[in-house]
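Trainee: The structure follows.
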Ligand code: BGC
């Protein structure tokens, strides 16, 4: 895409149809509840397979049975997939009888702009119809951050070379369906084509609605729209074949502007009971029309002012990274479910990849961005996990384990991974969730959350670890966890995966410390929880022992083996197999698992997450060992490598990985942005900047920074929230300035030097290019 490096806008000025699928992802809009790909309002009329038009409602899904010709006990049974719901954004301008589209007549000039400051998508086209009528067309689309159920599309047509009859055909198309075919297992699901049927519709004077029902999950969705025009227009509405259509026609003089504004709303039976959906939609539309587009636009700006005030990162001397990191943060904001019942799908609300499932991506990669900028949003991710706790308990029981086992991928709770070696076996998800809870409590001081939800999750996950691991005599009586898959999906079903064991140890330790805290400080609450989940003090003692005796893979050379068998395998350096990447599309898994070959960081990720326990030279040793054998076939890889390269003193490598991560979708680095954004990577990009370049960490003793500047950067400035304070770190080639923007005085660490930050008293330190 001909993306210019405008820091607040993604702008395409040359429409290249072969890039259209990627562009539709990039120009997606969303507000965490609903998302629309950046497809054109009037439809796509170009060569086949270059457009995928979709609208999603976060967590709105249908189910399918997963069939295994060779079945097995405990295999995941029910697949779920996020549905492509009715398309309500359609407005087709017709100029003197000629339908506008990008493939007919002549496009004299074109711009498609995603405005991340104001929160809308805009297209400006100077178009000449096949009959020679010249018009300016301006189409704006917005999905409101404040009104979760509202989207607005406005379309203005201005005749330039004569008076014209202009017609707007507005539709809600209920005949949408999910992706049909894909050779790539990362795309699509067991649901193909249409799975929703229309169960009702209605036509109002200025709009209408249609209601649909899913085939298997029994969910309802009602989508309605109303219109206003700036000229008196003849208006007509009808319904045919799952499509609701309204036409607005007016005679417009040369130089005048004819505008239609379409207010759209969606409600589903996940929001309210089915009988109430229509009433809610009507109310929402009435309110939106009364307030009008100008108010909704103003609210959008105010919302984003607040968001950027808390979250923005400024980089001087690198426009590509500046634009890229804003796009990452904006996309995360667009993707996060705001109700605690939905989360962030691996592709946000922008595409079919990974079936709209939620993974550990949310807890480990995306969570930190929200935690340290908008902690209330981070809490929603944890609430989501709490809502899934019963399903996780059931899954643990089904597999013969105690406690709770969270699904590797899911929408509403059941395990949806049909490939258990890289699905259910990634038990580390349990510890990942505990890690997120622990980070949340450390960063916010919100211990009430532990009482309300957190402790229950932590105890049930500790129980789970206790039930799948054991003290093994052949390993000196150490607590071992066998037959698991760590984060690296190119090694599976191994014994003592380092990441899993270290993180399970953390899970045990945190469970013990929370239990002790509850017993001492909140005995009432402890008793209630104890009764609810029948916890015993003996169990807690066992957790303590397991934490203490956890088997932590180690090697005399200082390399942490990824698992018990890893060092015995043949080493394959990635530069020898470059033509085969991504390996998962070119080799049988058996031919991948056999080698020292990684898809993504495993040991290095663990060393990053638990970085207070590792020294720079340990990290460097392990970086040198794992870097040559890591393919980065997972988009979750480059960001962590960037951080660990920085920790190892390889600044140029750190920068290259950072750039890859920050611009992964804008530059379509992996060639699959067409299937949706890489949401986990976007969270990783934020970490690679703040925790990599910024050296930001939160440990028990507080907030630490070790900032450096990469390449030609003349400035990096970011903010983090910690315990109701905002701290700004502003780095240039001469100084590092720390500012306490709000909140009470706080001690922070600059390269281990203690600084007492006070309001209105910046602390300035000299900038040094510290390597390790
Ligand atoms: C990665 C997983 C990740 C999933 C969804 C896979 O390619 O290996 O770690 O959770 O994508 O993003």
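The values are calculated or read from the model by the stated rules, or taken from the named source; none is laboratory data. Everything numeric here is computed off the predicted structure, so don't read it as measured data. In this analysis, Cβ positions are derived from the backbone assuming ideal geometry, glycine residues included, and neighbour counts consider all displayed protein chains.
Trainee: Residues 604, 636, 581, 590: which one is out of contact with any strand residue (DSSP E or B) (no Cβ under 8 Å at 6 or more places or on another chain), over 26 Å from residue 438 (Cβ atoms), modelled with pLDDT of 95 or more and within 16 Å of the ligand (Cβ to nearest atom)?
Mentor: Details: 604 fails: over 26 Å from residue 438 (Cβ atoms); 636 fails: over 26 Å from residue 438 (Cβ atoms); 590 fails: within 16 Å of the ligand (Cβ to nearest atom).
Of the residues listed, the single one that is out of contact with any strand residue (DSSP E or B) (no Cβ under 8 Å at 6 or more places or on another chain), over 26 Å from residue 438 (Cβ atoms), modelled with pLDDT of 95 or more and within 16 Å of the ligand (Cβ to nearest atom) is 581.
Trainee: Given the stretch 136-237, what strands (runs of 3 or more DSSP E) lie entirely inside it while holding 2 or more residues that are closer than 17 Å to residue 58 by Cα and touching a strand residue (DSSP E or B) at 6+ places or on another chain (Cβ under 6 Å)? Give the steps one after another, and end with the answer.
Mentor: Working: elements: 150-159, 164-173, 196-204, 207-214, 220-229.
Per the criteria, 150-159, 207-214, 220-229.
Trainee: Touching a residue at least 12 places away in the same chain (Cβ under 8 Å), surrounded by 19 or more Cβ atoms within 10 Å (Cβ to Cβ) and either more than 26 Å from residue 394 (Cα to Cα) or in contact with a strand residue (DSSP E or B) (Cβ under 6 Å, 6 or more places away or on another chain) (or both): is that true of residue 477 in this structure?
Mentor: Working: touching a residue at least 12 places away in the same chain (Cβ under 8 Å): yes; surrounded by 19 or more Cβ atoms within 10 Å (Cβ to Cβ): no; either more than 26 Å from residue 394 (Cα to Cα) or in contact with a strand residue (DSSP E or B) (Cβ under 6 Å, 6 or more places away or on another chain) (or both): yes.
When the stated conditions are applied, residue 477 does not pass them.
Trainee: Continuing with this model, one more query. Counting only residues that are in contact (Cβ under 8 Å) with a residue 24 or more places away in the chain and under 30 Å from residue 725 (Cβ atoms), how many does the stretch 274-301 have?
Mentor: Total meeting the criteria: 3.
Trainee: While we're looking at this one, here's another question. Can you tell me which residues in the stretch 457-502 are within 23 Å of residue 440 (Cβ to Cβ) and in a loop (DSSP other than H, G, I, E, B)?
Mentor: The answer is 487, and nothing else.
Trainee: Among the listed residues 355, 403, which satisfies the condition of being away from the ligand (no atom under 16 Å from the Cβ) and at positive phi? Talk me through it step by step, then tell me what you get.
Mentor: Working: 355 fails: away from the ligand (no atom under 16 Å from the Cβ).
Answer to the check: 403.
Trainee: Here's a check for you: in the stretch 250-276, which residue that is more than 38 Å from the chain's Cα centre (by Cα) and surrounded by fewer than 18 Cβ atoms within 10 Å (Cβ to Cβ) is nearest to residue 290 (Cα to Cα)?
Mentor: Filtering first and then ranking leaves 257.
Trainee: Quick one: count up the residues across the stretch 705-720 that are surrounded by fewer than 23 Cβ atoms within 10 Å (Cβ to Cβ) and part of a strand (DSSP E or B).
Mentor: Looking only at that region, the number is 3.
Trainee: Among (1) within 16 Å of the ligand (Cβ to nearest atom); (2) outside any helix (DSSP H, G or I), which single condition is residue 668 missing?
Mentor: (1)
Trainee: If you go through the stretch 446-456 one residue at a time, do you hit one that is farther than 24 Å from residue 550 by Cα, away from the ligand (no atom under 15 Å from the Cβ), modelled with pLDDT of 95 or more and not in a helix (DSSP H, G or I)? First the steps, then the outcome.
Mentor: So in the stretch 446-456, the residues farther than 24 Å from residue 550 by Cα come out as 446-453.
When the remaining residues are screened for being away from the ligand (no atom under 15 Å from the Cβ), the result is 446-453.
Adding the requirement that they be modelled with pLDDT of 95 or more leaves 446-453.
Add one more test, that the residue is not in a helix (DSSP H, G or I), and what stays is 446-447.
Among the residues of the stretch 446-456, at least one is farther than 24 Å from residue 550 by Cα, away from the ligand (no atom under 15 Å from the Cβ), modelled with pLDDT of 95 or more and not in a helix (DSSP H, G or I), which makes the answer yes.
Trainee: Answer with yes or no whether residue 56 is modelled with pLDDT under 95, surrounded by 17 or more Cβ atoms within 10 Å (Cβ to Cβ) and assigned to a strand (DSSP E or B). Lay out the reasoning, then the answer.
Mentor: Numbers: modelled with pLDDT under 95: no; surrounded by 17 or more Cβ atoms within 10 Å (Cβ to Cβ): yes; assigned to a strand (DSSP E or B): yes.
Spelling it out, it is not the case that residue 56 is modelled with pLDDT under 95, surrounded by 17 or more Cβ atoms within 10 Å (Cβ to Cβ) and assigned to a strand (DSSP E or B).
Trainee: I would also like to ask the following. Might you let me know whether the stretch 695-704 holds any residue that is on the phi < 0 side of the Ramachandran plot, away from the ligand (no atom under 14 Å from the Cβ) and buried (at least 21 other Cβ atoms within 10 Å of the Cβ)?
Mentor: Going residue by residue through the stretch 695-704, those that are on the phi < 0 side of the Ramachandran plot are 696-701, 703-704.
Pick out the ones that are also away from the ligand (no atom under 14 Å from the Cβ) and you get 696-701, 703-704.
Okay, now just the ones that are also buried (at least 21 other Cβ atoms within 10 Å of the Cβ), so 696, 703.
Yes: the stretch 695-704 contains one or more residues that are on the phi < 0 side of the Ramachandran plot, away from the ligand (no atom under 14 Å from the Cβ) and buried (at least 21 other Cβ atoms within 10 Å of the Cβ).
This table checks each residue for (1) assigned to a loop (DSSP other than H, G, I, E, B); (2) over 22 Å from residue 156 (Cα atoms); (3) assigned by TED's automatic domain parsing to the domain that holds residue 227.
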site	(1), (2), (3)
23	no, yes, yes
46	yes, yes, yes
79	no, yes, yes
101	yes, no, yes
113	no, no, yes
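Trainee: Restricting attention to helices (runs of 4 or more DSSP H) lying wholly within the stretch 311-426, give those where 3 or more residues are closer than 21 Å to residue 464 by Cα and in contact (Cβ under 8 Å) with a residue 60 or more places away in the chain. Explain how you work it out, then say what you get.
Mentor: Numbers: elements: 319-335, 367-371, 375-387, 389-398.
Where helices (runs of 4 or more DSSP H) fall fully within the stretch 311-426 and carry at least 3 residues being closer than 21 Å to residue 464 by Cα and in contact (Cβ under 8 Å) with a residue 60 or more places away in the chain, they are 375-387, 389-398.
Trainee: Any idea which residue in the stretch 568-615 is nearest to residue 421 (Cα to Cα), counting only those that are touching a helix residue (DSSP H, G or I) at 6+ places or on another chain (Cβ under 9 Å), part of a helix (DSSP H, G or I) and free of Cβ contacts under 8 Å to residues at least 24 places away in the same chain?
Mentor: Only one residue tops the list, namely 591.
Trainee: Kindly indicate the residue of the stretch 553-567 that is within 30 Å of residue 514 (Cβ to Cβ) and in contact with a helix residue (DSSP H, G or I) (Cβ under 6 Å, 6 or more places away or on another chain) and also modelled with the lowest pLDDT among those meeting that condition. Lay out the reasoning, then the answer.
Mentor: Taking the stretch 553-567 first, the residues within 30 Å of residue 514 (Cβ to Cβ) are 553-554, 560, 562-563.
When the remaining residues are screened for being in contact with a helix residue (DSSP H, G or I) (Cβ under 6 Å, 6 or more places away or on another chain), the result is 553, 560, 562.
On the way: 553: 92, 560: 98, 562: 98.
Among those residues, the one meeting the criterion is 553.
Trainee: Pick from 371, 336: which is outside the structural domain of residue 113 (by TED's automatic domain parsing), crowded, with 24+ Cβ neighbours inside 10 Å and more than 16 Å from the ligand (Cβ to nearest atom)? Lay out the reasoning, then the answer.
Mentor: Values: 336 fails: more than 16 Å from the ligand (Cβ to nearest atom).
Answer to the check: 371.
Trainee: Quick one: would you say residue 689 is closer than 18 Å to residue 729 by Cα, surrounded by 22 or more Cβ atoms within 10 Å (Cβ to Cβ) and either outside the structural domain of residue 10 (by TED's automatic domain parsing) or within 16 Å of the ligand (Cβ to nearest atom) (or both)?
Mentor: Numbers: closer than 18 Å to residue 729 by Cα: yes; surrounded by 22 or more Cβ atoms within 10 Å (Cβ to Cβ): yes; either outside the structural domain of residue 10 (by TED's automatic domain parsing) or within 16 Å of the ligand (Cβ to nearest atom) (or both): yes.
Yes, satisfied.
Trainee: Given the residues 415, 489, which is the only one that is within 16 Å of the ligand (Cβ to nearest atom), over 19 Å from residue 602 (Cα atoms) and either surrounded by 24 or more Cβ atoms within 10 Å (Cβ to Cβ) or within 26 Å of the chain's Cα centre (by Cα) (or both)?
Mentor: Working: 489 fails: over 19 Å from residue 602 (Cα atoms).
Just one listed residue meets the conditions, 415.
Trainee: A follow-up question, please. Just checking, how many residues over the stretch 215-232 are farther than 21 Å from residue 149 by Cα and surrounded by 20 or more Cβ atoms within 10 Å (Cβ to Cβ)?
Mentor: Filtering the stretch 215-232 for residues farther than 21 Å from residue 149 by Cα gives 215-217, 229-232.
Right, trim to surrounded by 20 or more Cβ atoms within 10 Å (Cβ to Cβ) and you get 217.
Residues in the stretch 215-232 being farther than 21 Å from residue 149 by Cα and surrounded by 20 or more Cβ atoms within 10 Å (Cβ to Cβ): 1 in total.
Trainee: Residues 530, 505: which one is touching a strand residue (DSSP E or B) at 6+ places or on another chain (Cβ under 6 Å), more than 16 Å from the ligand (Cβ to nearest atom), without any contact (Cβ under 8 Å) to a residue 60 or more places away in the chain and outside any loop (DSSP other than H, G, I, E, B)? Please lay out each step first, then the result.
Mentor: Details: 530 fails: touching a strand residue (DSSP E or B) at 6+ places or on another chain (Cβ under 6 Å).
Within the list 530, 505, the selection yields 505.
Trainee: Which number in (1) surrounded by fewer than 16 Cβ atoms within 10 Å (Cβ to Cβ); (2) under 22 Å from residue 219 (Cα atoms) marks the one condition that residue 130 misses?
Mentor: Among (1) surrounded by fewer than 16 Cβ atoms within 10 Å (Cβ to Cβ); (2) under 22 Å from residue 219 (Cα atoms), residue 130 violates only (2).
Trainee: Shifting gears a bit: For the stretch 671-688, give me the residue count where each residue is in a helix (DSSP H, G or I), closer than 22 Å to residue 82 by Cα and under 13 Å from the mean Cα position of the chain (by Cα). Can you show your working first?
Mentor: Step one: filter the stretch 671-688 for residues in a helix (DSSP H, G or I), giving 673-675, 679-688.
Filter once more, so that each one left must be closer than 22 Å to residue 82 by Cα: 673-675, 679-683.
If we keep only those that are under 13 Å from the mean Cα position of the chain (by Cα) as well, we get 679-683.
Number satisfying all stated conditions: 5.
Trainee: Any chance the stretch 259-267 includes a residue that's in the same structural domain as residue 211 (by TED's automatic domain parsing), in a loop (DSSP other than H, G, I, E, B) and either in contact with a helix residue (DSSP H, G or I) (Cβ under 9 Å, 6 or more places away or on another chain) or in contact (Cβ under 8 Å) with a residue 24 or more places away in the chain (or both)?
Mentor: Filtering the stretch 259-267 down to residues in the same structural domain as residue 211 (by TED's automatic domain parsing) leaves 259-267.
This time we only want the ones that are in a loop (DSSP other than H, G, I, E, B), so: none.
No, because not a single residue in the stretch 259-267 is in the same structural domain as residue 211 (by TED's automatic domain parsing), in a loop (DSSP other than H, G, I, E, B) and either in contact with a helix residue (DSSP H, G or I) (Cβ under 9 Å, 6 or more places away or on another chain) or in contact (Cβ under 8 Å) with a residue 24 or more places away in the chain (or both).
Trainee: With the requirement that a residue be surrounded by fewer than 24 Cβ atoms within 10 Å (Cβ to Cβ) and assigned to a helix (DSSP H, G or I), what does the stretch 627-647 give you?
Mentor: 627, 628, 629
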